[in-house]
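Readers should treat all values here as calculations from the given coordinates under stated rules, not as data from a laboratory. Keep in mind it's a predicted model, so treat the numbers as computed, not measured. Here Cβ is always computed from backbone atoms with ideal geometry, including for glycine, and neighbour counts include all displayed protein chains.
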Amino acid sequence: MKFPIIGERGVFITFEGGEGVGKSTQITRLRDEITAAFPSVEVVITREPGGTSAAEALRHVVLDPSFAPMDSRAEALAFAAARADHVAQVIKPALLRGALVLCDRYIDSSVVYQGVARGLGINEVEQLSLWATQGLLPDTVLVLDLPSGTGLSRVKHPDRLENAGAIFHKAVREGFLMRAATDADRYVVIDASAPVEVVAASISAAVYDRHTGSQPI
């Protein structure tokens with residue numbers, strides 16, 4: 001069984017959700033599982049904002065508490081600039097090689113954090129990111145869902161966004177669930193309150209079902 005490519009390129013899967021939902025842990029677990037099952041498949045793990053030297057520098061600016069307060073539009077533009085460089089230098093080249101790309105956050109995070117929670121407008125922020133990425137969308141979006149208070153309680157050293165307050169993060173959670181409800185073909189909501197192994201199994205089942213037509217052994 002071969003992990004399929006989509007059209008002329010590889011597979012692009014993004015992990016989304018509020019703070020403390022366990023995205024990093026689950027991305028690593030999925031990478032290890034896919035690598036073991038499909039040794040010939042290149043798996044690329046990356047993150048947003050980040051992935052390139054310029055994008056990592058912008059990550060520092062938008063997340064470091066010392067830069068608070070920051071204008072919401074400046075924040076949205078910084079994320080879009082980081083994303084443009086990330087897509088151009090990392091994500092698109094990997095997909096053209098036929099790789100499986102697993103990305104910690106992508107366009108949905110901007111739409112939810114800046115468009116919904118910051119009140120800048122869903123369409124406005126989405127169009128900005130689509131322009132920055134030349135329209136590149138993930139094939140599957142895994143939304144790890146957890147009550148915002150529970151997720152924040154797991155954060156040991158909060159950054160500028162993690163310090164945004166309970167109302168902000170409640171809006172973030174609601175925004176992700178709203179996004180997921182708009183397109184069941186691309187979005188999968190995962191209950192992140194379950195034990196790590198159970199969450200990993202749910203993610204594996206969703207990915208295998210959508211991209212191999214089978215279930216993990």
Yes/no for Glu162 being in contact with an Asp or Glu (Cβ under 7 Å, 6 or more places away or on another chain) and among the acidic types (Asp, Glu): yes
The stretch 88-112, residues that are buried (at least 19 other Cβ atoms within 10 Å of the Cβ) and farther than 20 Å from Ser24 by Cβ: Leu95, Val111
Go through the stretch 13-54 and give me each residue that's under 14 Å from Val207 (Cα atoms), of a type in the set (S, T, N, Q) and under 12 Å from the mean Cα position of the chain (by Cα). Thr14, Gln26
Go through the stretch 24-62 residue by residue and tally those that are touching a strand residue (DSSP E or B) at 6+ places or on another chain (Cβ under 9 Å), over 27 Å from Met178 (Cβ atoms), of a type in the set (Val, Ile, Thr) and assigned to a helix (DSSP H, G or I). 3
Give the residue that is surrounded by the most Cβ atoms within 10 Å (Cβ to Cβ), with candidates limited to residues of the stretch 118-151 that are assigned to a loop (DSSP other than H, G, I, E, B), touching a strand residue (DSSP E or B) at 6+ places or on another chain (Cβ under 9 Å) and among the hydrophobic types (A, V, I, L, M, F, W, C). Leu146
Out of (1) at positive phi; (2) part of a strand (DSSP E or B); (3) not acidic (Asp, Glu), the one Gly98 does not meet is (2)
Arg154 versus (1) under 19 Å from Phe67 (Cα atoms); (2) basic (Lys, Arg); (3) surrounded by fewer than 16 Cβ atoms within 10 Å (Cβ to Cβ): which is the lone unmet condition? (1)
Take the stretch 62-81 and flag every residue that is of a type in the set (Gly, Ala, Ser) and touching a Ser or Thr at 6+ places or on another chain (Cβ under 9 Å). Ala76, Ala80
When you look at Gly115, is it assigned to a loop (DSSP other than H, G, I, E, B), crowded, with 17+ Cβ neighbours inside 10 Å and of a type outside the set (Lys, Arg), yes or no? no
Could you figure out which of (1) part of a helix (DSSP H, G or I); (2) under 21 Å from Leu152 (Cα atoms) isn't true of Val21? (1)
Flag if Val188 is in contact (Cβ under 8 Å) with a residue 40 or more places away in the chain, assigned to a strand (DSSP E or B) and of a type in the set (A, V, I, L, M): yes
